[in-house]
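What follows is a short report on a single structure.
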């Protein structure tokens, strides 16, 4: 005897109340797992470079919003939206999905000619400001210019 209002065909298709509850529970579980996979916190399995990029991109989105962003040759991410000319601005491609979480913050300090990070590192800037890697602003985000990739690091300026 069929318990479905649609007869035996509904039973064959699996449309009983119990099956509906199981399907609903499965959908809820899949959604919860998907949300966990898209968490706004960096995975503990990210490499050190991955964590630096994650924090940088979160601060970039906090500061410049969700539009495309571009940087100058001096790594100053100062333009959001359509930026031109391309001779001046290089569009940035995000590694991670857009998020606003970051352990970094914009420093109150701006780079000056006496500030040095060594021969190859170049400070990464957002709107002309240094990116502090720590609350004390003793280390700043830099890019190593002696490598072919976007290799980041947090280092203290050399004593002048």
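The residue that is surrounded by the fewest Cβ atoms within 10 Å (Cβ to Cβ), among those in the stretch 66-97 that are in contact (Cβ under 8 Å) with a residue 40 or more places away in the chain and in contact with a helix residue (DSSP H, G or I) (Cβ under 8 Å, 6 or more places away or on another chain), is 95. Quick one: in the stretch 148-160, which of the residues that are surrounded by fewer than 16 Cβ atoms within 10 Å (Cβ to Cβ) and at pLDDT 80 or above is farthest from residue 51 (Cα to Cα)? Here the answer is 159. For the stretch 107-117, state whether one or more residues are within 22 Å of residue 48 (Cβ to Cβ) and either surrounded by 17 or more Cβ atoms within 10 Å (Cβ to Cβ) or at pLDDT below 95 (or both). Within the stretch 107-117, one or more residues are within 22 Å of residue 48 (Cβ to Cβ) and either surrounded by 17 or more Cβ atoms within 10 Å (Cβ to Cβ) or at pLDDT below 95 (or both). Residue count for the stretch 49-92, restricted to those that are touching a strand residue (DSSP E or B) at 6+ places or on another chain (Cβ under 7 Å) and not in a loop (DSSP other than H, G, I, E, B): 17. From the list 142, 131, the one residue that fits, being out of contact with any helix residue (DSSP H, G or I) (no Cβ under 7 Å at 6 or more places or on another chain) and either touching a residue at least 24 places away in the same chain (Cβ under 8 Å) or in a loop (DSSP other than H, G, I, E, B) (or both), is 142.
The values are calculated or read from the model by the stated rules, or taken from the named source; none is laboratory data. Please read all numbers here as calculations on a predicted model, not as lab measurements. Because the Cβ atoms are built from the backbone with ideal geometry, glycine has one as well, and the counts that use them run over all protein chains shown.
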